[in-house]
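The block underneath contains the structure these notes are about, expressed in structure tokens.
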């Protein structure tokens, strides 16, 4: 994957409002599945030109989130202790870190958590539990191992924009992986056995 090209395309999305007129749904997902094979933002605009405003916003957001997530997965795969999952249809495992399967989820800092960023940093397990309990109810819902990449922009509070800064994300991921240890993971039991999870914080204040 050409990470510089992906970043250039994703940053073109930043000039458009980031609105979710509707929660994620299988119906609208099916109508916008072309985002998986649309590599440029210009082509995305062409393919969504006939959509109404809400569906167009939905497609732009899905495209943006998908390609940022693929770049993040690729960055993880560059590390020697990471093995990508060759089954691209597996919704619960993106890669293995030191043999431990993980689904990764990049998310902005959740307003619904009702706590400050400083509190969340000091109480990671509380936030992780909240994230599991309040996850999307669609295709990727599960209570298995998950690595959360949480974005927080202390500069202008537009956390979503950090998904486009692939070089910055790579720096944060590389730093995290340089200190990765199974002993530092948080362990949960949701009734189906041991679950490993952690938060990789991506914070920007200037």
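When restricted to Cα atoms, the chain yields an Rg and a Dmax of 16.9, 51 Å, respectively. Mean-square fluctuations from a GNM of the chain, with a 10 angstrom spring cutoff on Cα atoms, peak among 20, 63, 160 at 20. Taking other C-beta atoms within 10 angstrom as a stand-in for reagent exposure, 166, 187, 199 fall in the order 187, 199, 166, fewest first.
Taking the chain as a Gaussian network, Cα atoms linked when under 10 Å apart, which of 155, 70, 144 shows the biggest mean-square fluctuation? With Cα springs under 10 Å in the chain, the top fluctuation among 155, 70, 144 is at 155. If you plug the beta carbon distance of residue 16 and residue 87 into 1/(1 + (r/R0)^6) with R0 = 25 Å, you get a FRET efficiency near 0.15. According to the calculation over all Cα-Cα pairs in the range 1-60, the P(r) per 10 Å bin from zero is 21, 54, 24, 1 %. The ranking of 194, 56 from fewest to most other beta carbons within 10 Å of each one's beta carbon is 194, 56. Site pair residue 155 and residue 46 shows an inter-label distance of 3.2 nm when each label is modelled 7 Å from Cα along Cα→Cβ. Computed from Cα positions, the angle between helix 166-178 and the longest principal axis of the chain comes to roughly 10 degrees. Site pair residue 26 and residue 201 shows an inter-label distance of 3.9 nm when each label is modelled 7 Å from Cα along Cα→Cβ. Put the Cα centre of the range 86-145 next to the Cα centre of the range 1-78 and the gap is 20 Å. Our helix-only sum for the chain, with -39,500 (n - 2.57) per DSSP H run of n ≥ 4 divided by its residues, gives a mean residue ellipticity at 222 nm of -11500 deg cm²/dmol.
Where a number appears in this text, it was derived from the coordinates with a stated rule and is not lab data. Treat the numbers as computed from the prediction; the structure is a model and nothing was measured. Note that we place each Cβ from the backbone using ideal geometry, even for glycine, and neighbour counts take in every protein chain shown.
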